[in-house]
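Here is the structure we will look at.
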Amino acid sequence: MLNPDLKTIIIMGVSGSGKSVVGSLLTAKLDGVFEDGDDFHPASNKAKMSAGTPLNDEDRWPWYAKLRQRIEDMRHLTPIYVLACSALKPEYRDKLRAHDHAETLKFVLLEGTQELIATRLAGRKGHFMPPSLLTSQLATLDPTPDVLRVSIDQTPEEIVNDIIQRLEKA
């Protein structure tokens with residue numbers, strides 16, 4: 001059983017790691033609400049990434065502020081909120097966490113090899129994030145000990161079960 005204080009789960013990782021698929025499946029099992037953080041990017045951020053240019057922190061701060069506000073808003077609308085967001089650096093996770101206690105908000109990192117993720121990205125159509133930015137995302141990724149790390153080298157259903165088991169123990 002999950003800790004009843006847990007209100008928000010952030011599924012994090014680089015583009016192509018499966019955040020949206022896993023987040024949707026996890027939410028269905030937990031009877032909550034799922035949203036993809038990418039949907040909250042302004043058009044200027046999406047255009048920049050589509051052109052193959054990584055975002056800088058100035059591009060990200062308003063987006064993270066919007067995501068944090070969404071986390072707070074969802075606390076009144078659903079017992080559990082699952083958000084897909086890359087959250088690659090500790091300071092980005094700090095913006096999302098704000099004043100929340102560790103029991104209230106958990107980060108789950110979906111991780112895999114560069115080859116596996118590159119293969120997934122190559123097969124993805126119509127996404128604004130080009131495969132060329134994978135290397136910069138992997139270089140930016142800085143997991144901290146508070147992040148639950150889950151391998152993506154398994155089926156989405158197995159990943160979800162792994163996440164639930166780890167959250168029950170956390």
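FYI, it's all coordinate maths here, none of it is from the lab. Bear in mind that the values here come from a model prediction, so they are computed numbers and not experimental data. Heads up, the Cβs are rebuilt from the backbone with ideal geometry, glycines too, and the neighbour counts pull from every protein chain shown.
Multiply the residue separation of Asp146 and Val21 by 0.36 nm, subtract the distance between their alpha-carbon atoms, and state the gained length in nm to one decimal.
Here the answer is 42.7 nm.
Using R₀ = 30 Å, calculate the FRET efficiency as 1/(1 + (r/R₀)^6) where r is the Cβ-Cβ separation of Arg166 and Leu138; round to 0.05.
Here the calculated transfer efficiency is 0.85.
Assuming 0.36 nm per residue, please report the length gained on full extension of the stretch Thr113 to Thr155 beyond their Cα-Cα distance.
Between Thr113 and Thr155, full extension yields an extra 13.6 nm.
Mean separation of Cα pairs under 8 Å and 6+ residues apart, divided by the residue count of segment 8-169: what relative contact order is that in percent?
Dividing the mean separation by the residue count of segment 8-169 yields 38 percent.
Can you tell me which of 87-96, 1-10 comes out highest on packing, and rank the rest after it, using the mean Cβ neighbours within 10 Å?
Ranking the peptides 87-96, 1-10 by packing returns 87-96, 1-10.
Determine, from the Cβ-Cβ distance of Glu58 and Ala28 and an R0 of 41 Å, the FRET efficiency 1/(1 + (r/R0)^6), rounded to the nearest 0.05.
Details: r = 36 Å, r/R0 = 0.88.
The pair Glu58/Ala28 has a calculated efficiency of 0.70.
Taking every pair of alpha-carbon atoms in segment 52-168, give the share separated by more than 18 Å as a whole percent.
Across segment 52-168, Cα pairs with separations above 18 Å total 59 percent.
For the ranges 42-54, 97-109, what's the packing order if you count other beta-carbon atoms within 10 Å of each residue, average per peptide, and put the highest first?
Going from most to least packed, we get 97-109, 42-54.
Ranked by Cβ crowding within 10 angstrom, fewest neighbours first, how are Ile11, Ile164, Ile71 ordered?
Neighbour counts put them in this order, fewest first: Ile164, Ile71, Ile11.
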